Amino acid sequence: MLGKEERRLKKAKISLMRNPKFALWSGVLMVGKTGVSETFPTACTDGRNEIYGREFIKGLDDKELAFVVLHENLHKALRHLFIWKKLDAINRKVTNAACDYVINLMIHKMDPQEVHVAIPRKDGKIFGLLDKRFDGMNTKQVFDILMQERGNDGGSGDGDGEGGFDDHDWDGAQELSEEDKKILEREIDQAIRQGRINDQKLNGKNAGNLDRELGDLLNPKVDWREAFREFVKSICAGKDASSWRRVNRRFLSGDIYMPTLISERIGRIAIGIDTSGSIGVDELNRFLSEVKSIAEDVKPSHVDLLYWDSQVAGHEEYDEFSVANIVSSTKPVGGGGTDPVAVQDYLKEKGITPECIVMLTDGHVGRWGDAWDAPVLWVICGGNDAVAPVGKTIHIED
(Lines give C-alpha, C1' and ligand atoms only; values in the text may rest on other atoms or scores of the structure.)
Protein backbone atom coordinates (compact mmCIF):
# COMPACT_ATOMS: atom_id res chain seq x y z
CA MET A 1 0.00 0.00 0.00
CA LEU A 2 1.36 3.40 -0.99
CA GLY A 3 2.28 5.80 1.78
CA LYS A 4 1.26 9.47 1.82
CA GLU A 5 4.53 10.66 0.22
CA GLU A 6 4.36 8.00 -2.51
CA ARG A 7 0.81 9.10 -3.32
CA ARG A 8 1.88 12.74 -3.49
CA LEU A 9 4.69 11.85 -5.88
CA LYS A 10 2.33 9.92 -8.12
CA LYS A 11 -0.18 12.77 -8.06
CA ALA A 12 2.56 15.28 -8.97
CA LYS A 13 3.62 13.23 -11.99
CA ILE A 14 0.07 12.74 -13.23
CA SER A 15 -0.74 16.44 -12.87
CA LEU A 16 2.40 17.37 -14.83
CA MET A 17 1.61 14.90 -17.61
CA ARG A 18 -1.96 16.22 -17.91
CA ASN A 19 -0.96 19.88 -17.92
CA PRO A 20 -0.56 21.36 -21.45
CA LYS A 21 2.27 23.58 -20.15
CA PHE A 22 4.42 20.51 -19.54
CA ALA A 23 3.21 18.26 -22.38
CA LEU A 24 6.71 18.25 -23.86
CA TRP A 25 7.94 16.21 -20.89
CA SER A 26 5.01 13.80 -20.56
CA GLY A 27 6.95 10.86 -21.99
CA VAL A 28 10.12 11.47 -19.99
CA LEU A 29 8.14 11.46 -16.74
CA MET A 30 7.42 7.78 -17.38
CA VAL A 31 11.05 6.75 -17.97
CA GLY A 32 12.79 4.80 -15.20
CA LYS A 33 11.69 4.04 -11.65
CA THR A 34 10.61 6.43 -8.91
CA GLY A 35 11.16 5.66 -5.23
CA VAL A 36 10.94 7.17 -1.75
CA SER A 37 13.85 6.77 0.68
CA GLU A 38 13.70 6.85 4.45
CA THR A 39 17.29 8.11 4.71
CA PHE A 40 18.04 10.18 1.59
CA PRO A 41 18.04 13.89 2.51
CA THR A 42 16.73 15.48 -0.70
CA ALA A 43 16.11 14.25 -4.28
CA CYS A 44 18.41 12.57 -6.77
CA THR A 45 18.63 10.91 -10.17
CA ASP A 46 21.20 8.66 -11.85
CA GLY A 47 19.94 9.69 -15.27
CA ARG A 48 17.34 6.95 -15.40
CA ASN A 49 15.74 6.53 -11.97
CA GLU A 50 14.60 9.06 -9.35
CA ILE A 51 14.77 8.89 -5.57
CA TYR A 52 13.12 11.31 -3.14
CA GLY A 53 13.67 11.54 0.61
CA ARG A 54 10.50 11.07 2.63
CA GLU A 55 11.24 13.94 5.01
CA PHE A 56 12.22 16.12 2.06
CA ILE A 57 8.82 15.54 0.44
CA LYS A 58 7.07 16.40 3.69
CA GLY A 59 8.74 19.82 3.68
CA LEU A 60 7.43 20.73 0.21
CA ASP A 61 4.00 21.96 -0.77
CA ASP A 62 2.36 20.53 -3.90
CA LYS A 63 3.71 23.18 -6.29
CA GLU A 64 7.24 22.82 -4.92
CA LEU A 65 7.08 19.03 -5.18
CA ALA A 66 5.92 19.31 -8.80
CA PHE A 67 8.86 21.64 -9.48
CA VAL A 68 11.34 19.17 -7.96
CA VAL A 69 9.86 16.23 -9.91
CA LEU A 70 10.11 18.20 -13.15
CA HIS A 71 13.66 19.23 -12.21
CA GLU A 72 14.80 15.60 -11.79
CA ASN A 73 13.17 14.58 -15.05
CA LEU A 74 14.83 17.41 -16.96
CA HIS A 75 18.18 16.05 -15.76
CA LYS A 76 17.09 12.80 -17.40
CA ALA A 77 15.72 14.45 -20.54
CA LEU A 78 18.89 16.48 -21.11
CA ARG A 79 21.06 13.44 -20.30
CA HIS A 80 23.15 15.61 -17.99
CA LEU A 81 24.85 12.76 -16.15
CA PHE A 82 26.15 11.25 -19.37
CA ILE A 83 26.86 14.23 -21.61
CA TRP A 84 28.66 16.31 -18.97
CA LYS A 85 30.67 13.58 -17.22
CA LYS A 86 33.91 15.23 -18.41
CA LEU A 87 32.90 18.46 -16.68
CA ASP A 88 32.11 16.47 -13.54
CA ALA A 89 35.66 15.10 -13.63
CA ILE A 90 36.98 18.67 -13.68
CA ASN A 91 34.81 20.04 -10.87
CA ARG A 92 31.72 18.30 -9.52
CA LYS A 93 30.42 21.24 -7.50
CA VAL A 94 30.52 23.65 -10.43
CA THR A 95 29.06 21.08 -12.84
CA ASN A 96 26.16 20.39 -10.50
CA ALA A 97 25.49 24.11 -10.18
CA ALA A 98 25.67 24.66 -13.96
CA CYS A 99 23.20 21.84 -14.62
CA ASP A 100 20.79 23.19 -12.02
CA TYR A 101 20.98 26.77 -13.28
CA VAL A 102 19.99 25.58 -16.78
CA ILE A 103 17.10 23.42 -15.59
CA ASN A 104 15.62 25.80 -13.03
CA LEU A 105 15.54 28.62 -15.55
CA MET A 106 13.83 26.34 -18.10
CA ILE A 107 11.11 25.47 -15.58
CA HIS A 108 10.73 29.10 -14.48
CA LYS A 109 10.17 30.14 -18.10
CA MET A 110 7.46 27.48 -18.49
CA ASP A 111 5.49 28.89 -15.55
CA PRO A 112 6.93 32.31 -14.59
CA GLN A 113 3.97 33.21 -12.38
CA GLU A 114 4.30 29.89 -10.52
CA VAL A 115 0.69 28.97 -11.12
CA HIS A 116 1.43 25.25 -11.34
CA VAL A 117 5.01 24.75 -10.15
CA ALA A 118 7.11 26.79 -7.74
CA ILE A 119 10.81 26.63 -6.96
CA PRO A 120 11.27 25.46 -3.34
CA ARG A 121 11.76 28.12 -0.73
CA LYS A 122 13.38 27.99 2.67
CA ASP A 123 12.64 30.69 5.25
CA GLY A 124 11.03 32.74 2.49
CA LYS A 125 14.10 32.60 0.24
CA ILE A 126 14.56 30.58 -2.95
CA PHE A 127 16.06 27.19 -2.14
CA GLY A 128 17.72 26.53 -5.49
CA LEU A 129 19.81 28.12 -8.22
CA LEU A 130 18.09 30.62 -10.48
CA ASP A 131 19.81 33.33 -12.51
CA LYS A 132 18.25 34.92 -15.61
CA ARG A 133 21.63 35.95 -17.01
CA PHE A 134 22.10 32.31 -18.09
CA ASP A 135 19.01 32.39 -20.30
CA GLY A 136 19.64 30.60 -23.63
CA MET A 137 22.88 28.96 -22.47
CA ASN A 138 23.71 25.29 -22.18
CA THR A 139 25.50 23.65 -19.25
CA LYS A 140 28.99 24.02 -20.73
CA GLN A 141 28.53 27.76 -21.26
CA VAL A 142 27.28 28.23 -17.69
CA PHE A 143 30.10 26.02 -16.38
CA ASP A 144 32.73 28.17 -18.11
CA ILE A 145 31.30 31.35 -16.60
CA LEU A 146 31.13 29.87 -13.10
CA MET A 147 34.68 28.53 -13.34
CA GLN A 148 35.93 31.94 -14.41
CA GLU A 149 34.08 33.68 -11.59
CA ARG A 150 35.27 31.22 -8.96
CA GLY A 151 38.90 31.15 -10.00
CA ASN A 152 40.88 28.87 -12.27
CA ASP A 153 39.92 25.73 -10.34
CA GLY A 154 36.31 26.77 -9.74
CA GLY A 155 36.71 26.38 -6.00
CA SER A 156 36.57 23.05 -4.22
CA GLY A 157 35.75 20.12 -6.47
CA ASP A 158 33.95 18.20 -3.75
CA GLY A 159 30.33 18.21 -2.74
CA ASP A 160 27.18 19.25 -4.52
CA GLY A 161 26.10 22.45 -6.19
CA GLU A 162 25.94 25.39 -3.78
CA GLY A 163 22.34 26.35 -3.11
CA GLY A 164 20.96 23.33 -4.95
CA PHE A 165 18.09 21.29 -3.54
CA ASP A 166 19.03 17.94 -5.10
CA ASP A 167 21.92 15.55 -5.63
CA HIS A 168 23.29 14.07 -8.86
CA ASP A 169 24.38 10.44 -8.89
CA TRP A 170 27.26 10.72 -11.38
CA ASP A 171 28.87 7.50 -10.17
CA GLY A 172 25.63 5.55 -10.44
CA ALA A 173 25.13 6.80 -13.99
CA GLN A 174 28.54 5.53 -15.02
CA GLU A 175 27.80 2.08 -13.59
CA LEU A 176 25.31 1.49 -16.40
CA SER A 177 26.64 -0.75 -19.15
CA GLU A 178 27.24 0.78 -22.57
CA GLU A 179 24.30 -1.21 -23.92
CA ASP A 180 22.03 0.08 -21.13
CA LYS A 181 23.17 3.64 -21.85
CA LYS A 182 22.28 3.24 -25.53
CA ILE A 183 18.88 1.80 -24.67
CA LEU A 184 18.21 4.65 -22.24
CA GLU A 185 19.31 7.24 -24.79
CA ARG A 186 16.91 5.86 -27.39
CA GLU A 187 14.09 5.64 -24.85
CA ILE A 188 14.50 9.25 -23.74
CA ASP A 189 14.97 10.53 -27.28
CA GLN A 190 11.75 8.88 -28.41
CA ALA A 191 9.92 10.11 -25.28
CA ILE A 192 10.92 13.71 -26.00
CA ARG A 193 10.03 13.53 -29.68
CA GLN A 194 6.63 12.08 -28.82
CA GLY A 195 6.27 14.81 -26.23
CA ARG A 196 6.90 17.43 -28.89
CA ILE A 197 4.09 15.95 -30.97
CA ASN A 198 1.74 16.05 -27.96
CA ASP A 199 2.87 19.61 -27.18
CA GLN A 200 2.10 20.82 -30.70
CA LYS A 201 -1.28 19.09 -30.72
CA LEU A 202 -2.27 20.77 -27.46
CA ASN A 203 -0.61 24.15 -27.92
CA GLY A 204 -0.31 24.69 -31.67
CA LYS A 205 2.43 24.43 -34.27
CA ASN A 206 4.61 27.08 -32.65
CA ALA A 207 4.62 25.29 -29.30
CA GLY A 208 7.65 23.71 -27.75
CA ASN A 209 10.22 26.39 -28.53
CA LEU A 210 13.33 24.59 -27.37
CA ASP A 211 15.97 25.87 -25.01
CA ARG A 212 19.52 25.75 -26.32
CA GLU A 213 20.53 22.56 -24.56
CA LEU A 214 17.50 20.50 -25.58
CA GLY A 215 17.68 21.84 -29.11
CA ASP A 216 21.29 20.68 -29.34
CA LEU A 217 20.17 17.17 -28.39
CA LEU A 218 17.15 16.88 -30.67
CA ASN A 219 18.60 18.76 -33.63
CA PRO A 220 22.35 18.12 -33.53
CA LYS A 221 24.47 19.80 -36.15
CA VAL A 222 25.57 16.50 -37.65
CA ASP A 223 27.39 16.16 -40.94
CA TRP A 224 24.99 13.53 -42.24
CA ARG A 225 27.23 12.68 -45.17
CA GLU A 226 30.03 11.77 -42.77
CA ALA A 227 27.57 9.85 -40.59
CA PHE A 228 26.41 8.02 -43.73
CA ARG A 229 29.96 7.07 -44.65
CA GLU A 230 30.84 5.97 -41.13
CA PHE A 231 27.75 3.76 -40.94
CA VAL A 232 28.59 1.99 -44.18
CA LYS A 233 32.26 1.67 -43.31
CA SER A 234 31.47 0.32 -39.85
CA ILE A 235 29.94 -2.83 -41.29
CA CYS A 236 32.47 -3.41 -44.05
CA ALA A 237 33.27 -7.10 -44.14
CA GLY A 238 36.29 -7.10 -46.41
CA LYS A 239 39.90 -6.68 -45.36
CA ASP A 240 41.62 -6.71 -48.68
CA ALA A 241 44.01 -3.80 -48.31
CA SER A 242 46.95 -3.22 -46.00
CA SER A 243 48.23 -0.04 -44.45
CA TRP A 244 51.50 1.05 -42.86
CA ARG A 245 49.70 3.87 -41.06
CA ARG A 246 49.22 1.48 -38.16
CA VAL A 247 51.73 -1.28 -37.44
CA ASN A 248 50.35 -4.78 -36.85
CA ARG A 249 51.11 -5.45 -33.17
CA ARG A 250 50.80 -9.22 -33.51
CA PHE A 251 54.31 -9.37 -35.00
CA LEU A 252 56.04 -6.77 -32.81
CA SER A 253 57.24 -9.32 -30.23
CA GLY A 254 59.46 -10.87 -32.90
CA ASP A 255 60.75 -7.48 -34.07
CA ILE A 256 58.82 -7.94 -37.30
CA TYR A 257 57.03 -4.92 -38.69
CA MET A 258 53.99 -5.73 -40.81
CA PRO A 259 51.12 -3.52 -42.02
CA THR A 260 47.63 -3.80 -40.55
CA LEU A 261 44.82 -5.05 -42.76
CA ILE A 262 42.11 -2.45 -43.14
CA SER A 263 38.64 -2.70 -44.55
CA GLU A 264 38.44 -0.84 -47.85
CA ARG A 265 35.60 -2.66 -49.60
CA ILE A 266 32.04 -3.67 -48.90
CA GLY A 267 29.93 -6.22 -50.69
CA ARG A 268 26.34 -5.58 -51.66
CA ILE A 269 24.39 -2.61 -50.31
CA ALA A 270 20.73 -1.65 -50.78
CA ILE A 271 19.59 1.97 -50.93
CA GLY A 272 15.86 2.67 -50.64
CA ILE A 273 14.58 6.11 -51.62
CA ASP A 274 11.11 7.30 -50.64
CA THR A 275 9.38 8.57 -53.79
CA SER A 276 5.90 8.94 -52.30
CA GLY A 277 5.78 12.57 -53.39
CA SER A 278 7.05 14.29 -50.26
CA ILE A 279 10.71 14.12 -51.32
CA GLY A 280 11.55 17.03 -53.62
CA VAL A 281 13.59 16.82 -56.79
CA ASP A 282 16.43 18.93 -55.38
CA GLU A 283 16.73 16.74 -52.28
CA LEU A 284 16.65 13.63 -54.42
CA ASN A 285 19.41 14.90 -56.69
CA ARG A 286 21.62 15.89 -53.77
CA PHE A 287 21.11 12.51 -52.15
CA LEU A 288 21.94 10.65 -55.35
CA SER A 289 25.13 12.69 -55.65
CA GLU A 290 26.09 11.62 -52.15
CA VAL A 291 25.20 8.02 -52.92
CA LYS A 292 27.66 8.19 -55.78
CA SER A 293 30.47 9.65 -53.66
CA ILE A 294 29.85 7.22 -50.81
CA ALA A 295 29.78 4.28 -53.18
CA GLU A 296 33.10 5.43 -54.57
CA ASP A 297 34.43 5.78 -51.05
CA VAL A 298 33.48 2.33 -49.73
CA LYS A 299 33.66 0.58 -53.11
CA PRO A 300 30.63 -1.73 -52.92
CA SER A 301 30.67 -4.70 -55.21
CA HIS A 302 26.97 -4.17 -55.98
CA VAL A 303 24.35 -1.47 -55.33
CA ASP A 304 20.61 -2.16 -55.36
CA LEU A 305 18.85 1.18 -55.74
CA LEU A 306 15.19 0.83 -54.79
CA TYR A 307 12.52 3.49 -55.31
CA TRP A 308 9.56 2.89 -53.03
CA ASP A 309 6.24 4.32 -51.97
CA SER A 310 3.62 1.80 -50.82
CA GLN A 311 5.58 -0.78 -52.82
CA VAL A 312 8.94 -1.03 -54.55
CA ALA A 313 8.21 0.85 -57.75
CA GLY A 314 11.67 0.63 -59.26
CA HIS A 315 14.82 -1.48 -58.83
CA GLU A 316 18.10 -0.49 -60.45
CA GLU A 317 21.36 -2.38 -60.08
CA TYR A 318 24.87 -1.01 -60.34
CA ASP A 319 28.28 -2.60 -60.05
CA GLU A 320 31.47 -0.96 -58.82
CA PHE A 321 32.08 0.54 -62.27
CA SER A 322 28.62 1.69 -63.36
CA VAL A 323 27.80 3.32 -60.00
CA ALA A 324 29.82 6.34 -61.12
CA ASN A 325 26.99 7.11 -63.59
CA ILE A 326 24.16 6.65 -61.09
CA VAL A 327 23.01 10.29 -61.13
CA SER A 328 22.74 10.55 -64.91
CA SER A 329 21.35 7.08 -65.56
CA THR A 330 18.81 6.59 -62.76
CA LYS A 331 15.08 6.97 -63.41
CA PRO A 332 13.13 7.64 -60.17
CA VAL A 333 9.60 6.23 -60.09
CA GLY A 334 6.79 6.18 -57.55
CA GLY A 335 4.18 8.57 -56.20
CA GLY A 336 1.87 6.41 -54.11
CA GLY A 337 1.62 5.91 -50.36
CA THR A 338 4.49 5.49 -47.91
CA ASP A 339 5.38 2.05 -46.53
CA PRO A 340 9.08 1.22 -45.99
CA VAL A 341 8.15 -2.34 -45.04
CA ALA A 342 7.67 -2.84 -48.79
CA VAL A 343 11.47 -2.67 -49.13
CA GLN A 344 11.94 -5.21 -46.38
CA ASP A 345 9.48 -7.59 -48.04
CA TYR A 346 10.92 -7.01 -51.51
CA LEU A 347 14.46 -7.88 -50.45
CA LYS A 348 13.25 -11.11 -48.87
CA GLU A 349 11.09 -12.00 -51.86
CA LYS A 350 13.97 -11.50 -54.30
CA GLY A 351 16.48 -13.26 -52.07
CA ILE A 352 18.66 -10.12 -51.89
CA THR A 353 21.00 -10.15 -48.88
CA PRO A 354 22.84 -6.81 -48.68
CA GLU A 355 25.46 -6.08 -46.04
CA CYS A 356 23.59 -2.90 -45.12
CA ILE A 357 20.46 -0.98 -46.07
CA VAL A 358 20.10 2.80 -46.28
CA MET A 359 16.60 4.29 -46.33
CA LEU A 360 15.93 7.92 -47.30
CA THR A 361 12.51 9.22 -46.23
CA ASP A 362 10.71 12.18 -44.72
CA GLY A 363 9.71 9.95 -41.78
CA HIS A 364 5.95 10.20 -42.31
CA VAL A 365 5.38 6.48 -42.25
CA GLY A 366 2.89 4.26 -40.50
CA ARG A 367 5.22 1.37 -39.78
CA TRP A 368 8.97 0.83 -39.85
CA GLY A 369 9.28 -2.94 -39.92
CA ASP A 370 10.98 -5.04 -37.28
CA ALA A 371 12.65 -7.90 -39.11
CA TRP A 372 15.29 -6.27 -41.28
CA ASP A 373 17.93 -8.81 -42.26
CA ALA A 374 20.82 -6.31 -42.37
CA PRO A 375 21.90 -3.16 -40.47
CA VAL A 376 19.63 -0.31 -41.56
CA LEU A 377 20.30 3.44 -41.55
CA TRP A 378 17.33 5.82 -41.75
CA VAL A 379 18.12 9.24 -43.23
CA ILE A 380 15.15 11.46 -42.36
CA CYS A 381 14.75 14.85 -44.01
CA GLY A 382 12.12 17.57 -44.06
CA GLY A 383 12.31 18.59 -40.41
CA ASN A 384 10.50 15.51 -39.09
CA ASP A 385 11.62 14.47 -35.59
CA ALA A 386 10.66 10.82 -36.08
CA VAL A 387 13.04 8.15 -34.79
CA ALA A 388 12.85 4.67 -36.24
CA PRO A 389 12.49 1.96 -33.57
CA VAL A 390 14.90 -0.23 -35.52
CA GLY A 391 18.35 0.57 -36.87
CA LYS A 392 20.15 3.93 -36.69
CA THR A 393 18.43 7.24 -37.41
CA ILE A 394 20.03 10.50 -38.52
CA HIS A 395 18.20 13.73 -39.37
CA ILE A 396 19.19 16.15 -42.10
CA GLU A 397 17.99 19.65 -42.87
CA ASP A 398 16.33 20.55 -46.13
- Query: How do the strands (runs of 3 or more DSSP E) wholly within segment 284-398 filter down when requiring 2 or more residues that are hydrophobic (A, V, I, L, M, F, W, C): which remain?
  - Reply: 300-308, 312-319, 356-361, 376-380
- Item | Out of GLU55, GLU50, sole residue that is charged (D, E, K, R), within 23 Å of the chain's Cα centre (by Cα) and at pLDDT 95 or above | GLU50
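Yes/no matrix, rows are residues, columns are (1) in the same structural domain as GLY277 (by TED's automatic domain parsing); (2) surrounded by 15 or more Cβ atoms within 10 Å (Cβ to Cβ); (3) modelled with pLDDT of 90 or more:
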{"residue": "ALA313", "(1), (2), (3)": "yes, yes, yes"}
{"residue": "PHE321", "(1), (2), (3)": "yes, no, no"}
{"residue": "ALA324", "(1), (2), (3)": "yes, no, no"}
{"residue": "PRO332", "(1), (2), (3)": "yes, yes, no"}
{"residue": "LEU347", "(1), (2), (3)": "yes, yes, yes"}
{"residue": "ARG367", "(1), (2), (3)": "yes, no, no"}
{"residue": "CYS381", "(1), (2), (3)": "yes, yes, no"}
{"residue": "ASP385", "(1), (2), (3)": "yes, yes, no"}
{"residue": "VAL390", "(1), (2), (3)": "yes, no, no"}
- Query: Are there any pairs, at least 6 apart or on different chains, whose C-beta atoms fall under 6 Å, with the first in segment 43-55 and without any contact (Cβ under 8 Å) to a residue 40 or more places away in the chain and the second part of a strand (DSSP E or B) and hydrophobic (A, V, I, L, M, F, W, C), and if so, which?
  - Reply: ILE51/CYS44
- Note on the structure: Restricting segment 1-41 to residues that are in contact with a Gly (Cβ under 6 Å, 6 or more places away or on another chain) and among the hydroxyl-bearing types (Ser, Thr, Tyr), the one nearest to LEU78 (Cα to Cα) turns out to be SER26
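The values are calculated or read from the model by the stated rules, or taken from the named source; none is laboratory data. Because the structure is a prediction, the values reported are computed rather than measured. Note that each Cβ is placed from the backbone with ideal geometry, even for glycine, and that neighbours are counted across all protein chains shown.
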